[in-house]
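The values are calculated or read from the model by the stated rules, or taken from the named source; none is laboratory data. Everything numeric here is computed off the predicted structure, so don't read it as measured data. In this analysis, Cβ positions are derived from the backbone assuming ideal geometry, glycine residues included, and neighbour counts consider all displayed protein chains. When the accessible area is computed, the model is the full protein with side chains, heavy atoms only, and any ligands, DNA or RNA have been set aside. Shrake-Rupley method; radii C 1.70, N 1.55, O 1.52, S 1.80 Å.
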Amino acid sequence: MKIALFGYGKMGKMIEQTAIKRNHTIVAKIDVDTKEIDFSNIDVAIDFSQPDAAFENIKKCMEHNVPVISGTTGWLKDYDKAVSFCNEHKGAFIYASNYSLGVNIFFELNEYLAKMMKTLDQYKVSMEEIHHTQKLDAPSGTAITLAEGIIKNTDYKGWKLEEATDGHIPILAKRINDVPGTHSVNYESPVDSIEIKHTAHNREGFALGAVVAAEWIVGKTGVFTMKDVLNLG
Ligand SMILES: NC(=O)C1=CN([C@@H]2O[C@H](COP(=O)(O)OP(=O)(O)OC[C@H]3O[C@@H](n4cnc5c(N)ncnc54)[C@H](OP(=O)(O)O)[C@@H]3O)[C@@H](O)[C@H]2O)C=CC1
Ligand SMILES: O=C(O)C1=N[C@H](C(=O)O)C[C@H](O)C1
């Protein structure tokens with residue numbers, strides 16, 4: 001496949017390595033200064049750029065009928081607009097807050113646990129995410145997906161950064177040098193606690209998942225998720 005990378009930072013570079021190992025070709029590396037893009041030579045675009053750049057990049061690809069894999073976080077206020085735009089242009093689009101297989105299994109586990117905890121009022125949930133200090137958004141996209149998975153299956157009304165007492169899930173976002181991404185969900189009662197945790201050791205899992213999603217989407221039309229790609233039901 002001929003892949004265009006929107007964003008050639010930490011993730012763009014890792015995706016390039018993974019794509020080449022899987023016999024794909026990187027035909028474009030696009031950043032904020034790129035003036036012209038030859039969309040006729042692109043099979044699929046992968047966007048790991050910045051929160052304020054992602055939506056415009058995604059729309060540009062859809063306008064030119066190029067399927068888009070979106071990994072950038074922190075732009076989700078525009079997600080519904082991206083879905084409408086994709087449908088209007090009969091495009092193909094996947095957004096995932098986290099492309100790693102392990103985190104997508106963790107998402108399923110989180111929802112299963114939330115269903116079991118729904119009626120157990122003695123347990124209070126909280127979440128923690130830890131990332132490197134260059135990260136622009138907080139909480140992480142993955143933490144938001146985890147919170148949404150709990151909210152969907154319990155009576156929690158929403159999430160809040162740090163302290164939360166009024167039916168919201170508190171999320172603590174920590175920034176520590178070089179941490180690729182750690183997420184934990186904790187249920188605390190007066191007598192015990194239950195914690196589930198995912199720790200990324202490096203960025204390879206994110207990159208592999210994004211390339212697998214790119215391979216999967218070519219030739220399809222519609223808006224999909226990693227559940228579709230990984231057949232997680
Ligand atoms: N979904 C997932 O699985 C994962 C998602 N992410 C997300 O991916 C995004 C990128 O992460 P990461 O690679 O670590 O970040 P980096 O900051 O290392 O890379 C982002 C790159 O995007 C470039 N950029 C800025 N503006 C534009 C633009 N308009 N078009 C194209 N590129 C642009 C930046 O260039 P410059 O430096 O010159 O500004 C930079 O090179 C983040 O939102 C992060 O949260 C990260 C890991 C996994
Ligand atoms: O910025 C990062 O690095 C990461 N961002 C994603 C997120 O916001 O959840 C995924 C991963 O945790 C790494």
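In summary, Gln134 fulfils each of the numbered conditions (1) within 11 Å of ligand 2 (Cβ to nearest atom); (2) under 21 Å from Leu76 (Cβ atoms); (3) open to solvent by 40 Å² or more (accessible area, probe 1.4 Å); (4) within 16 Å of the chain's Cα centre (by Cα) with the single exception of condition (4).
Quick grid of which residues meet (1) surrounded by fewer than 17 Cβ atoms within 10 Å (Cβ to Cβ); (2) away from ligand 2 (no atom under 16 Å from the Cβ); (3) over 28 Å from Ile20 (Cβ atoms):
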| position | (1), (2), (3) |
| --- | --- |
| Ala147 | no, no, yes |
| Thr165 | yes, yes, yes |
| Pro170 | no, yes, yes |
| Asn177 | yes, no, yes |
| Ser184 | no, no, yes |
| Arg203 | no, no, no |
| Phe206 | no, no, no |
| Trp216 | no, yes, no |
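Of the strands (runs of 3 or more DSSP E) entirely within the stretch 9-114, those holding at least 3 residues that are out of contact with any Phe, Trp or Tyr (no Cβ under 8 Å at 6 or more places or on another chain) occupy 25-30. Just one of the listed residues (Lys10, Lys2) is near ligand 1 (Cβ under 10 Å from one of its atoms) and open to solvent by 20 Å² or more (accessible area, probe 1.4 Å), namely Lys10. Filter the stretch 13-48 down to residues that are among the hydroxyl-bearing types (Ser, Thr, Tyr) and open to solvent by 40 Å² or more (accessible area, probe 1.4 Å) and give me whichever is nearest to Gly209 (Cα to Cα). It comes out as Thr25. Checked against (1) surrounded by fewer than 20 Cβ atoms within 10 Å (Cβ to Cβ); (2) within 16 Å of ligand 1 (Cβ to nearest atom); (3) closer than 30 Å to Val191 by Cβ, Tyr123 passes all but a single condition, namely (2). You will find that of Val27, Val103, the residue that is away from ligand 1 (no atom under 11 Å from the Cβ), β-branched (Val, Ile, Thr) and touching a strand residue (DSSP E or B) at 6+ places or on another chain (Cβ under 9 Å) is Val27 and no other. Take the conditions near ligand 1 (Cβ under 10 Å from one of its atoms), of a type outside the set (A, V, I, L, M, F, W, C) and part of a loop (DSSP other than H, G, I, E, B) and apply them to Asp137. Does it pass? Here the answer is yes, as Asp137 does meet what is asked.
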